[in-house]
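To keep things clear, I will list the structure first and then write my remarks on it.
Please treat every number below as a calculation from the coordinates, not as lab data. Here the structure is a predicted model, which means the values were calculated and not measured. Neighbour counts run over all protein chains shown; Cβ positions are idealised from the backbone, glycine included.
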Amino acid sequence: MKQIIECVPNFSEGRDMDVIKQITDQIETVDGVRLLDVDPGKATNRTVVTFVGTPQGVIEAAFLSIKKASEVIDMSKHQGEHPRMGATDVCPLVPVANISVEETVEYAHKLAKRVGEELGIPVYCYEHAALTEERRSLANIRKGEYEGLKEKLADPHWKPDFGPAVFNEKTGATVVGTRNFLVAYNANLNTTSTRRANAIAFDIREQGRFKREGDPVTGKIAVDENGEKIRIPGSLKKVRAIGWYIDEFGIAQISINLTDIDVTPVHVAFDEVCKKAEARGVRVTGSEIVGLVPLKAMLDAGKHYLRKQKRSAGIPDREIIKIAVKSMGLNELYPFDPDKKIIEYLLETGSNSKLVDMSIKEFTYETASESPAPGGGSIAACMGGLGAALGTMVANLSAHKRGWDDRWEEFSDWAEKGKYYHDELLKMVDEDTLAFNKIMEAFGLPKKTSDEKANRNKAIQNATKFAIEVPFRTMKLCYESLDVMKAMAETGNPNSVSDAGVGALAARSGVIGAFLNVKINAAGLDDVDFVNQKLTLGEEIVEKTKMIEEEILSIVNLKIDNN
């Protein structure tokens, strides 16, 4: 699964669009990266840029943009309302999909090291990437701003984490870090009262409200023995919120920042706002996501509401997202277009066409054409994916079967397992063609000199190993998916037992077909130990598959005959 991180660098230029474009142009030169937003501010003289992509692509784009900013921005002449200390003031990396905070921190340190060493810019690391607790806070690092930077760098206590402890008048210093993904989220209310909206915001936000003596609204703010104001915490962690009135729509709204959606997901915030609003006689009519949201956040929300309805969550992602959008009223003020609002879908827009995006007719004709790809490996993966999809269908039908209401969760779990296998096998359809293309590219490398021959041979061997591993993974996925078909044959909706049988046949064909590809590709690999290991394991998987297939078909035929 592709890892995705977001980068949100802040550049100390918000007025000269030519300078800003020179910086953002650098970002757009990097493959695997997509520029999402450029937000200049004249008063702050600062531009916030947002781009996403693969980790390597993002740190390359970040480095190039920081380099360009150091060339076209002169901090000695900069003025603006926002605190700042460098041409690239701050550059946070944010984990979005299939990557941990810890892994993202490693990329932040790589970027900081490169900026410090290659560009000679002093770099401090903050938040999760901080190397000392004192430097976790951005405000702490930036204290004194650009004007106090020369003195700060002369203090050994504030030696940069990377780069020289030397004041660079033109570039200043840069702060690189890792923070959690922030979702800007608004809840719409059936009131025009900002006061009511604020009251609900104070109910939910982590910092809550000040405790008051006597009257909870007008009473004097209570203090502790040290004279510090006492707060009553709100109900949600990692949440900031405030109420305001939206003149365009004539409603009050709660503006919410979810600073860690692993702690407080979007759907949890929505449900809590509904609960607190109802307690105050107010109703939530809908909500909106400002900017972008990770796919996982929407899937988690959709599954949450499906479970509340006691419905199977093993349905296609797009259907799960529809449930999330309807449940939280995300279409109330503006249309919620998943392809424009969900980061992973936005990255796919305009990307190279995939086999799995073709119609069945197109895929069949492409397979029959003179082109050698898609070939047997892609077809094996496709058969396996269809087999797992049939098992998933039986599980979903069973979850909704009249009289089986008490078993919906059991079948929902099986449907989610089946969904995992058919999703992964669909990816292998294109992965197998990619493996073939890698081999063709390797054979096309130059071979005139001894070095070129050595490099070509190495590339061929690496591509061949990849071309073995891909169908081997297809084999494993097809084999493991048989658990779903067997369970559905044994305990699923009896009216769909034949579908479980056909699913087993398709999965079995996927295993054997993929193994043929493993064997033919293995003939071109010099690593004998690797080849023997894969062939031995592959033969074991084939034998186990045949045994399970026989068990499933016995169950299926017995039920059909006794029907």
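Some points to look at:
- Positive end of the dipole of the range 183-348 (Cβ unit charges, origin at the Cα centre): among I323, I256, V282, the Cα lying farthest that way belongs to V282.
- The Cα atoms of the chain define a convex hull whose projected area, averaged across directions, is 35.0 nm².
- Volume per residue for the range 355-561 equals 122 cubic angstrom (convex hull of Cα atoms).
- Only helices reaching 30 angstrom along their own axis (Cα) with mean Kyte-Doolittle hydropathy no lower than 1.0 count here, and for the DSSP H runs of the chain these are 376-399.
- Basic side chains Lys and Arg get +1 at the Cβ, acidic Asp and Glu get -1 at the Cβ, and with that the dipole of the range 133-212 about its Cα centre reaches some 520 debye.
- DSSP beta bridges confined to the chain are antiparallel in about 80 percent of cases.
- Burial ordering of M393, M485, M358, M85, fewest other beta-carbon atoms within 10 Å first: M358, M393, M85, M485
- Farthest toward the positive end of the dipole of the chain, out of F270, F202, H82, is the Cα of F202, where the dipole comes from beta carbon charges about the Cα centre.
- Cβ-defined net charge surrounding S369, 14 Å radius [Lys, Arg +1; Asp, Glu -1]: -2
- Relative to the Cα centre, the charge distribution of the chain, modelled as +1 at Lys and Arg Cβ and -1 at Asp and Glu Cβ, gives a dipole magnitude of about 1120 debye.
- With both residues required to sit in the range 4-178, DSSP beta bridges show an antiparallel share near 70%.
- Across all Cα pairs in the range 519-563, the calculated P(r) in 5 Å bins from zero up to the longest distance comes to 5, 19, 17, 12, 12, 9, 9, 7, 5, 4, 1 percent per bin.
- Considering only I460, P164, A373, and ranking their Cα positions along the charge dipole of the chain that arises from unit charges at the beta-carbon of Lys, Arg, Asp and Glu, the one farthest toward the positive end is P164.
- Counted residue by residue at 0.36 nm each, then reduced by the alpha carbon distance between them, the extension gain from K354 to E71 reaches 97.9 nm.
- Cα-centre dipole for the range 4-178 with unit charges at Cβ (Lys and Arg positive, Asp and Glu negative), debye to 20: 300
- Isotropic mean projected area of the C-alpha convex hull, the range 183-348 (nm²): 11.3
- Amide H partners (placed H, <5 Å) of V90, local residues excluded: N10, V175
- Straightening the chain between T132 and D39 buys 30.4 nm, computed as 0.36 nm per residue apart minus the Cα-Cα spacing.
- Averaging the sequence gap over all C-alpha pairs within less than 8 Å and six or more residues apart, then dividing by the number of residues, gives the chain a relative contact order of 9 percent.
- Summing +1 for each Lys or Arg and -1 for each Asp or Glu among the other residues whose beta-carbon sits under 11 angstrom from that of K21 gives -4.
- Percentage relative contact order, the range 448-527, counting C-alpha pairs under 8 Å, at least six apart: 47
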